[in-house]
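Down below is the structure, laid out as structure tokens.
The values are calculated or read from the model by the stated rules, or taken from the named source; none is laboratory data. Predicted model only: the values in this text are computed from it and were never measured. Cβ atoms come from the backbone with ideal geometry, glycine included; neighbour counts cover every protein chain shown.
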Number of protein chains: 2
Amino acid sequence: MDYQSQLASILFTLRHGAQCARLPGWDEDIANQVLTEAARFTAAEIDPLDGLTERAPLVLEEGRVKLPPHIVAAYRAYRDAGWPTLAGAEEHGGQHLPHVLASAVSEMLAGASLSFQLLIGLTAGAIRVITSSGTPEQRAAYLPRLVSGEWLSTMCLTEPQAGSDLGQTRTIARPQADGGYLLSGDKIFISGGDQNLTDNIVHLVLARTPGAAAGVKGLSLFLAPAVLPDGRRNAIACLRLEEKMGLHGSPTCQLAFDDAEARMLGGEGEGLARMFEMMNAARIEVGVQGVALAEVAAQRSRIYAAGRRQGKGGDGAGPVPLHRHADVRRMLLTQMALVEGCRALVYRVDVEHELGANQPLVDFLTPVCKAFASDSAVEAAQLAIQIHGGYGYLTEYRVEQILRDARITQIYEGANGIQAITLADRLLRMAGGAPREAFAREVEDAMEAAPPVARGALGDAKRHWEDASAALMSRSGAGAAAIDYLRLTGLLAAGAAWGRLEAAADQAPHPARTRAAAAFFREAMLPECGHLARRVVQGIDVGVHSDEVFNA
Amino acid sequence: MDYQSQLASILFTLRHGAQCARLPGWDEDIANQVLTEAARFTAAEIDPLDGLTERAPLVLEEGRVKLPPHIVAAYRAYRDAGWPTLAGAEEHGGQHLPHVLASAVSEMLAGASLSFQLLIGLTAGAIRVITSSGTPEQRAAYLPRLVSGEWLSTMCLTEPQAGSDLGQTRTIARPQADGGYLLSGDKIFISGGDQNLTDNIVHLVLARTPGAAAGVKGLSLFLAPAVLPDGRRNAIACLRLEEKMGLHGSPTCQLAFDDAEARMLGGEGEGLARMFEMMNAARIEVGVQGVALAEVAAQRSRIYAAGRRQGKGGDGAGPVPLHRHADVRRMLLTQMALVEGCRALVYRVDVEHELGANQPLVDFLTPVCKAFASDSAVEAAQLAIQIHGGYGYLTEYRVEQILRDARITQIYEGANGIQAITLADRLLRMAGGAPREAFAREVEDAMEAAPPVARGALGDAKRHWEDASAALMSRSGAGAAAIDYLRLTGLLAAGAAWGRLEAAADQAPHPARTRAAAAFFREAMLPECGHLARRVVQGIDVGVHSDEVFNA
């Protein structure tokens, strides 16, 4: 088996990092049962897919995407076992379990095969926005089928000319006499834009009504099913399947809407607000994916480094396991520190998101989760290749695949540079500083919970973060310092998460490992905050040079 | 055209960064003519290969590797135009031009197609070691054919159980009555281990004579041609072609030597010393490859960022080129700062290597060139993907290919962690500190040459480096701090190289770009030295934890 679900680590993190006991109706026995079964399901049904998806190409035939039969069979098993219903509302056939359990299942699925998890991962956001903004008819038509997994959904945002800049969206939605709309335009990079897993696909489409304001204010959100209620196929064609660096089991589609029938979801001009309901959930989910991929990278590296013997030990004895070498230990500890720190951070934000009692904290940490966890996945994957040496470069070992799969998480659902600008230019000042202050309190709470040895390091890091925050607030925009501020905040947030874990290390599944990774994070990684803060405070000049510098 | 040879930048770097005027017989007009022709050749013959090699798989048929016809044709054109002879000795048919010109040609070839450049890149090291250690007969038999490009060569070092740890080499060389040897053993990761470009392939093989000392002291180096002087094929079989993350046009072979006929090169037990003659040249060459790939990443990014319009400008005007956004400028400037800094560093070391007057400096900087330039290539490639956003993840744009190709440069010819240990544990103390002091003088010379604005920053960085050096020398081994010390030395070395370039910025092909990249390196990148030095001085504890932490 390639991927080992980290059931015990996840349960430890849910208890001590995310403090799930705060969730109404949280039952640790149920959590244990659900995740034990999820680990079993993942090992049996999903883990075998991942190598296969690299070798069985996706096919576009007569405008329809065909996934290989093993993916179709795995999805059927997933649906038949009821996994899609986990966190759904009871009125729509859901089990109404805490969302963080669905996230933990996502971690396992994504760890076993990100391609597979991505096929199903966007539906939770669609359920969220249809629940909040749908008409009673829309809720009745879509929610039971999305909750059961009978149908899946997509997010259709990006267009060729409008990548990070949604204000340039051109897809037009012309109103019809029956209250519906006809959509026309091209959408690109649509994950699961077509597939043969479900009888219908619910597309959530950002488009512009005629005469609407320019930019993002003129956008509305639309529901366009691939198959219409009367059984006709909607005028939505998959023009092409993108060939990608990785994720070879996930169909990334270019879709053409050609007078496709649609209904508006929410009010006119509310497109961006509705999209952000989906998007913020999706960004936390990318954080979960980051944890999953960092975990795979770490566990494969640990296995390899324990089994491969190279070089002499300190006592001059013959070949010793790779993990006896200091530089390899550094890489393994970095991976462990990133995995456990990100897991605790991401699940904590997921729980706060569900609790809904501290929205400013969730706002502040959502871009941090997305970016810091995806950056960590790529870093852990890079280290995994390096630990494997020449073997890491061979496809056969499938370590390089982790990097190829992980690389997109730094880009999709808002490139990490965009997350940084959101954090440093908007959230830092928003609502009179409420999100920033909520985060400061979160760090202070973690410091109180942390063991004494960790408090000093966290206090230093927090002071660096405050200096950087103050410097940014004294300027009109963060500019090139935004990315440093994001990383600084990510390190501090993960450090705070580590503080809670370290305090409970005795109850961790591998106490020695948790303590060692906690100490490594604190001593070797957290001090980067000082460096980053100095650079933020100093400012980086990228603005005074003329365009001449940058012309091709 | 995909890759644009940076003729003017290279010439500027050779003049002001590497100070080639110090080379006996250096003629700038000849350099200009040679490199102008090399740029033309690269554009016409090599650049078109790179996309093709991704789509035309290499084939192993009946134990022989078949490269696609376009690679065969390109090699023929390369050889027929006399490019292999550039730096060869006149007595063997070479043109006896400075080696740094061959390196500049390598940069162009590798920028256009690393797969192609790798096929030919190892031969220079073979020529070097056969020249220094071969018998008159060996020199006469091999050198004219290697210099002309009639034959190519390989380095056969790694074995399945002996990766970074050559002491575990098992290939055995049994002496024969005629003074020759029979080689038996398996070698892996052999670049160009078989091909259909040349009639013969000269394998340089590390093996152990019967009864030799254990470890690296028992190794000797052997010459084993694929085709023997009497026309028989030697008993060397290609068992398999490795499938890799990238470099899809370069055959990486597993070779089986089954009583293959060979001759010893140099003396018995001198294998490691002879190998290092090749290896040190190969490590500088990896530095050149790093520069080439960072350059491709930077130029593609610049073109894309100038052409793609997203988001608002400072004045609220409509979509502006990506390069107007501060975070994109940061990424573009980082790439430029890495490319030009590494180019100046690598060519300077290449020239010192050729001059032979300051071997301690070359010793100290060879691992730094290899590791810092390959790390920079990967960083520049990562940034290129990020700048391209979703398009960067698509194979069609071939930006992700830069990362896949570049990734091996951090591993082959000695993984970067090994380079770090070489620097921090061996070179730092070697010969009473002569290499370390030679580097300190090199930095001081560069500070004198640098413009006044750069001297303070370089002085700060140098003090940090001295603090870190002193801390390491006070300990018994650098341990996990070695990698920080390597990066610290790399930043300082590139900073010193930048000092010379910045002083001459008026004569750069793009003075504004050179000045902007110099300032960015100095203000945004060089200060990392302080952070790295603090971590080195503090020390990173990875040793006290028991193996329990690292067990799979």
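In this structure, does residue A:347 turn out to be over 28 Å from residue A:188 (Cβ atoms), among the aromatic types (Phe, Trp, Tyr), in contact with a Lys or Arg (Cβ under 7 Å, 6 or more places away or on another chain) and not assigned by TED's automatic domain parsing to the domain that holds residue A:18? Here the answer is no, as residue A:347 does not meet what is asked. Considering only residues in region B:296-330 that are surrounded by 24 or more Cβ atoms within 10 Å (Cβ to Cβ), more than 8 Å from every other protein chain (Cβ to nearest Cβ) and hydrophobic (A, V, I, L, M, F, W, C), the one that is nearest to residue B:390 (Cα to Cα) turns out to be B:322. Residue selection: residue A:166 fails the criterion of being buried (at least 21 other Cβ atoms within 10 Å of the Cβ), within 14 Å of chain B (Cβ to nearest Cβ) and within 21 Å of the chain's Cα centre (by Cα).
For residue B:257, the conditions (1) crowded, with 21+ Cβ neighbours inside 10 Å; (2) within 27 Å of the chain's Cα centre (by Cα) are fulfilled apart from (2).
The single condition among (1) on the phi < 0 side of the Ramachandran plot; (2) of a type outside the set (A, V, I, L, M, F, W, C); (3) out of contact with any Asp or Glu (no Cβ under 7 Å at 6 or more places or on another chain); (4) touching a residue at least 12 places away in the same chain (Cβ under 8 Å) that residue B:401 does not meet is (3).
In region A:338-379, what residues are acidic (Asp, Glu) and over 14 Å from the mean Cα position of the chain (by Cα)? Correct list: A:340, A:352, A:354, A:363, A:379. Do we have residue A:530 as within 14 Å of chain B (Cβ to nearest Cβ), over 26 Å from the mean Cα position of the chain (by Cα) and assigned to a helix (DSSP H, G or I) here? Against the criterion (within 14 Å of chain B (Cβ to nearest Cβ), over 26 Å from the mean Cα position of the chain (by Cα) and assigned to a helix (DSSP H, G or I)), residue A:530 qualifies. Considering region A:413-518, the qualifying helices (runs of 4 or more DSSP H), each wholly inside and each with 2 or more residues that are of a type in the set (A, V, I, L, M) and closer than 30 Å to residue A:190 by Cα, run over A:416-421, A:482-503.
Listed conditions (1) within 14 Å of chain B (Cβ to nearest Cβ); (2) of a type in the set (Lys, Arg); (3) under 21 Å from the mean Cα position of the chain (by Cα) are all met by residue A:128, apart from (1). Does residue A:199 satisfy the condition of being acidic (Asp, Glu) and closer than 13 Å to residue A:258 by Cα? In short, no. Looking at region A:487-497, is at least one residue surrounded by fewer than 23 Cβ atoms within 10 Å (Cβ to Cβ) and modelled with pLDDT under 95? No: zero hits.
To keep it simple, each residue is scored yes or no on (1) touching a Gly at 6+ places or on another chain (Cβ under 6 Å); (2) more than 12 Å from chain A (Cβ to nearest Cβ).
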| position | (1), (2) |
| --- | --- |
| B:408 | no, no |
| B:421 | no, no |
| B:424 | no, no |
| B:428 | no, yes |
| B:435 | no, yes |
| B:440 | no, yes |
| B:445 | no, yes |
| B:448 | no, yes |
| B:454 | yes, yes |
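Is region A:380-398 home to any residue that is assigned by TED's automatic domain parsing to the domain that holds residue A:431 and under 18 Å from the mean Cα position of the chain (by Cα)? Among the residues of region A:380-398, at least one is assigned by TED's automatic domain parsing to the domain that holds residue A:431 and under 18 Å from the mean Cα position of the chain (by Cα), which makes the answer yes.
Please note which helices (runs of 4 or more DSSP H) are completely contained in region B:102-148 and include at least 2 residues that are more than 20 Å from residue B:46 (Cβ to Cβ) and not assigned by TED's automatic domain parsing to the domain that holds residue B:227.
Filter on region B:102-148 gives B:123-133, B:136-148.
Residues of region B:533-550 that are surrounded by fewer than 18 Cβ atoms within 10 Å (Cβ to Cβ) and part of a loop (DSSP other than H, G, I, E, B): B:539, B:541, B:543, B:544, B:546. All of A:501, A:492, A:488 fail the test of being of a type in the set (A, V, I, L, M), over 22 Å from residue A:18 (Cβ atoms), more than 12 Å from chain B (Cβ to nearest Cβ) and under 25 Å from the mean Cα position of the chain (by Cα), apart from A:488. Looking at residue B:357, is it away from chain A (no Cβ under 12 Å) and crowded, with 22+ Cβ neighbours inside 10 Å? Criteria not met by residue B:357. If the condition is being among the acidic types (Asp, Glu) and closer than 20 Å to residue A:526 by Cα, then region A:410-467 contributes A:442, A:444, A:445, A:448, A:460, A:466, A:467.
Condition first: within 14 Å of another protein chain (Cβ to nearest Cβ) and touching a strand residue (DSSP E or B) at 6+ places or on another chain (Cβ under 8 Å). Can you find one or more residues in region B:280-295 that meet it? No, that holds for no residue. For residue B:419, the criteria (1) polar (S, T, N, Q); (2) crowded, with 24+ Cβ neighbours inside 10 Å; (3) under 27 Å from residue A:241 (Cβ atoms) hold in every case but one, which is (3).
Taking region B:93-141 as the range and being among the aliphatic types (A, V, I, L, M), farther than 19 Å from residue B:39 by Cβ and without any contact (Cβ under 8 Å) to a residue 24 or more places away in the chain as the test, only B:140 passes. Would you pick out the residues in region A:227-246 that are surrounded by 16 or more Cβ atoms within 10 Å (Cβ to Cβ), within 14 Å of chain B (Cβ to nearest Cβ) and not small (Gly, Ala, Ser)? Of everything in region A:227-246, those that are surrounded by 16 or more Cβ atoms within 10 Å (Cβ to Cβ), within 14 Å of chain B (Cβ to nearest Cβ) and not small (Gly, Ala, Ser) turn out to be A:241, A:242, A:244, A:245. The set of residues from region B:309-337 being touching a residue at least 60 places away in the same chain (Cβ under 8 Å) and either under 23 Å from the mean Cα position of the chain (by Cα) or not in a helix (DSSP H, G or I) (or both) comprises B:333, B:334, B:336, B:337.
For residue A:90, the conditions (1) under 30 Å from residue A:493 (Cβ atoms); (2) out of contact with any Asp or Glu (no Cβ under 8 Å at 6 or more places or on another chain) all hold with the exception of (1). Kindly establish whether residue B:90 is surrounded by fewer than 22 Cβ atoms within 10 Å (Cβ to Cβ), more than 26 Å from residue B:276 (Cβ to Cβ) and free of Cβ contacts under 8 Å to residues at least 24 places away in the same chain. Taking the combined requirement at face value, the residue satisfies it.
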